[in-house]
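**Student:** Take this structure first; my questions come after.
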Amino acid sequence: MIYRPIAIDEEIKFSKKKFIVSKTDLKGKITFVNKNFCDISGYSEDELVGAPHNIVRHPDMPRAVFYLVWKALLSGRAISGVVKNLSKSGKYYWVIADLEPKFDRDGNIVSLTAFRRAAPQNVIDTTEELYATMLNIEKKHGMEKSIAYLEGFLEEHDMTYDAFIAELIKPKGIIATLLAAFKRMFG
């Protein structure tokens with residue numbers, strides 16, 4: 001049984017230069033975490049490795065977001081998103097997550113890798129409002145209606161999900177350089 005802390009309204013802030021890295025199998029079971037993941041989430045490596053990645057899923061996150069992320073990854077496509085995570089203490093932290101499938105020589109997906117960094121306040125503000133609406137719809141009408149709302153939101157802005165997220169989270173300056181180096185190191 002996975003211990004699920006009670007969410008408290010207290011944010012964990014961490015350096016934009018700290019990158020959280022994890023790898024999972026195709027069912028979402030964690031196979032690797034870096035030290036930053038442990039430090040920020042409050043879980044030890046032993047507690048994380050072997051656990052389902054949703055151990056850090058915050059209850060404020062709409063299920064529809066994870067549905068779209070998993071759909072993209074299992075189709076072989078990299079995807080990015082903004083995620084509110086839940087630490088072991090119950091505090092939360094916002095991340096920009098860049099997720100990508102890893103393939104074997106035959107082109108089969110064998111694992112999934114996530115690179116996460118601190119989300120800037122403007123990204124949090126935009127995302128928090130959207131997610132609150134989606135979550136409210138999800139609670140009342142189900143995940144399908146939440147996805148429909150997101151699709152309508154994107155259509156209204158004449159954007160795909162990928163374009164919306166890319167524009168929202170576009171790294172700049174030294175952060176872009178550090179992220180590229182980190183991806184090469186763990187890729």
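**Student:** Name the long-range amide H neighbours of residue 58: under 5 Å, sequence gap of 5 or more, or other chain; modelled H, no Pro or chain starts.
**Tutor:** HN-HN under 5 Å from residue 58: 86.
**Student:** Oh, and also: Over region 20-186, what relative contact order in percent results from Cα pairs under 8 Å that are six or more residues apart?
**Tutor:** Answer for region 20-186 is 20 percent.
**Student:** Starting from the Cα gyration tensor of region 20-186, take the square roots of the eigenvalues, sort them a ≥ b ≥ c, and report rounded, prolate or oblate (rounded when a/c is under 1.5, otherwise prolate if a/b is larger than b/c, else oblate).
**Tutor:** rounded
**Student:** Can you tell me how much longer the chain between residue 10 and residue 106 gets when fully stretched, taken as 0.36 nm per residue apart minus their C-alpha distance, in nm with one decimal?
**Tutor:** So the chain would gain 30.0 nm between residue 10 and residue 106.
**Student:** Right, another one. Hey, fewest Cβ within 10 Å first, where do 84, 102, 140 land in order?
**Tutor:** 140, 102, 84
**Student:** Oh, and also: Would you pull out the residues with amide H under 5 Å of residue 34's amide H, same chain only if 5 or more places away, H placed 1.01 Å from N?
**Tutor:** Correct list: 21.
**Student:** Please state the relative contact order of region 1-86 as a whole percent: Cα pairs under 8 Å, 6+ residues apart?
**Tutor:** 25 percent
**Student:** Taking R0 as 25 Å, what's the FRET efficiency between residue 166 and residue 133 from their Cβ-Cβ distance, rounded to 0.05?
**Tutor:** Calculated transfer efficiency: 0.75.
**Student:** What list of ³J(HN,Hα) values in whole Hz, one per residue of region 20-30 in order, does the Karplus curve 6.51 cos²θ - 1.76 cosθ + 1.60 (θ = phi - 60°) give from phi, with Gly and Pro shown as x?
**Tutor:** For region 20-30, the Karplus curve yields 9, 10, 8, 10, 10, 7, 6, 9, x, 7, 5 Hz.
**Student:** Under 11 Å from the Cβ of residue 81, count the other residues' Cβ atoms, weight Lys and Arg +1, Asp and Glu -1, and hand me the total.
**Tutor:** Spelling it out: positives minus negatives among the neighbours equals 0.
**Student:** Same structure again: Under the Karplus relation 6.51 cos²θ - 1.76 cosθ + 1.60, θ = phi - 60°, what is the ordered set of whole-Hz ³J(HN,Hα) values for region 118-124, x standing for Gly and Pro?
**Tutor:** 4, 8, x, 4, 5, 5, 4
**Student:** Obtain the nm distance between the two label points defined at residue 75 and residue 158 by a simple spin-label model: each point lies 7 Å from its Cα along the Cα-to-C-beta direction.
**Tutor:** Here the modelled spin labels are 2.4 nm apart.
**Student:** Once amide H atoms are built 1.01 Å from N in the peptide plane, which residues 5 or more positions from residue 26, or in another chain, come under 5 Å H to H?
**Tutor:** none
**Student:** Still on this model: How big is the gap, in Å, between the Cα center of region 124-162 and the Cα center of region 1-62?
**Tutor:** Result: 24 Å between the Cα centres.
**Student:** Determine, for 146, 87, 15, 111, the number of other Cβ atoms within 10 Å of each Cβ, and report the residues in order from fewest to most.
**Tutor:** 15, 111, 87, 146
**Student:** While we're on this one: Placing unit charges on C-beta atoms (Lys and Arg positive, Asp and Glu negative, everything else neutral), compute the dipole magnitude of region 20-186 about its Cα centre in debye, rounded to 20.
**Tutor:** Computed charge dipole of region 20-186: roughly 500 debye.
**Student:** Nearest-5 percent of antiparallel DSSP beta bridges in the chain?
**Tutor:** The antiparallel fraction comes to roughly 95 percent.
**Student:** Here is a follow-up. So which of 16/91; 13/88; 18/84; 35/91; 16/145; 145/170 end up more than 23 Å apart, counting from Cα to Cα?
**Tutor:** 16/145; 145/170
**Student:** If we count other beta carbons within 10 Å of each Cβ, what is the order of 86, 135, 73, fewest first?
**Tutor:** 135, 73, 86
**Student:** OK, next. Could you give each residue of region 40-54 its phi-based ³J(HN,Hα) in whole Hz, using Karplus coefficients 6.51, -1.76, 1.60 with θ = phi - 60°, and x for Gly or Pro?
**Tutor:** 7, 6, x, 8, 7, 4, 5, 6, 8, 5, x, 8, x, 4, 6
Since every read-out is calculated from the coordinates, none of them should be taken as a lab result. Quick caveat, the model's predicted, so the values are computed rather than measured. For neighbour counting, all protein chains shown are included, and Cβ atoms are generated from backbone atoms with ideal geometry for every residue, glycine included.
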